[in-house]
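One structure is given here, and the rest of the page talks about it.
The values are calculated or read from the model by the stated rules, or taken from the named source; none is laboratory data. Here the structure is a predicted model, which is why all the values come from computation and not from measurement. Heads up, the Cβs are rebuilt from the backbone with ideal geometry, glycines too, and the neighbour counts pull from every protein chain shown. To get the accessible areas, we keep the full protein, side chains included, count just its heavy atoms, and leave off ligands, DNA and RNA. Shrake-Rupley method; radii C 1.70, N 1.55, O 1.52, S 1.80 Å.
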Amino acid sequence: MTTASPDPLALQATLVDFALAELVRQHRESFTPLWSPESWAKLLIWLALNCGCSGDEAGLKAFAEAIGPLQMGRLRRVFFERELADLELQLMADPAEQQVLVLPQGPAEEVLEPERVARALDCVNLSQRLVMDRSRWQRLDSVLVVPWAAPEA
């Protein structure tokens, strides 16, 4: 029995998708302030310039259109998520959302323990941007929700 060869275009698309996600993971810490819309915008500008687009509005708009909304959404998720394998937690911390989601990668009762979550938030420099009063954290089934702190004036 022989298996069909993968479609070359599908392989190419998968490779590009993988490479883009890895590029974002490798460079997301380079753009400050971390966990902000500004850092996301800086990453996009950096990508656009490195792809040969001009840094003016028309060039950046052309870059965004070329990437497309689906890929742009995926890249944004990769940019604002962190996986902490040692703590068995995944953090989804997009500042466009009202709160940060803490997802367990192991048994929820054990992994979503408040001390462990606080350590995870410290590890990725999120503590100063979130409400650290644990009475304001909300457990929804196997997800913990932590609100963003009010921006400093």
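The C-beta contact set for the stretch 14-30 (first residue of a type in the set (S, T, N, Q), second residue open to solvent by 40 Å² or more (accessible area, probe 1.4 Å), distance under 9 angstrom, 6+ apart or interchain) comprises Thr14/Pro6; Ser30/Lys42; Ser30/Trp46. Against the numbered list (1) on the phi > 0 side of the Ramachandran plot; (2) touching a Ser or Thr at 6+ places or on another chain (Cβ under 8 Å), Ala108 comes up short only at (1).
Which pairs turn up if I take residues in the stretch 117-131 that are touching a residue at least 24 places away in the same chain (Cβ under 8 Å) and look for partners that are among the polar types (S, T, N, Q) with beta carbon separation below 9 Å, at least 6 apart in sequence or on another chain? Pairs found: Leu121/Ser127; Arg129/Ser36; Leu130/Gln99. Mind listing whichever residues of the stretch 143-153 are surrounded by 13 or more Cβ atoms within 10 Å (Cβ to Cβ) and free of Cβ contacts under 8 Å to residues at least 40 places away in the same chain? Once the filter is applied, which keeps residues that are surrounded by 13 or more Cβ atoms within 10 Å (Cβ to Cβ) and free of Cβ contacts under 8 Å to residues at least 40 places away in the same chain, the stretch 143-153 yields only Ala149. Criterion first (part of a helix (DSSP H, G or I), open to solvent by 80 Å² or more (accessible area, probe 1.4 Å) and either farther than 18 Å from Ala96 by Cβ or out of contact with any helix residue (DSSP H, G or I) (no Cβ under 6 Å at 6 or more places or on another chain) (or both)) does Glu22 satisfy it? No; evaluated as a whole, the condition is false for this residue.
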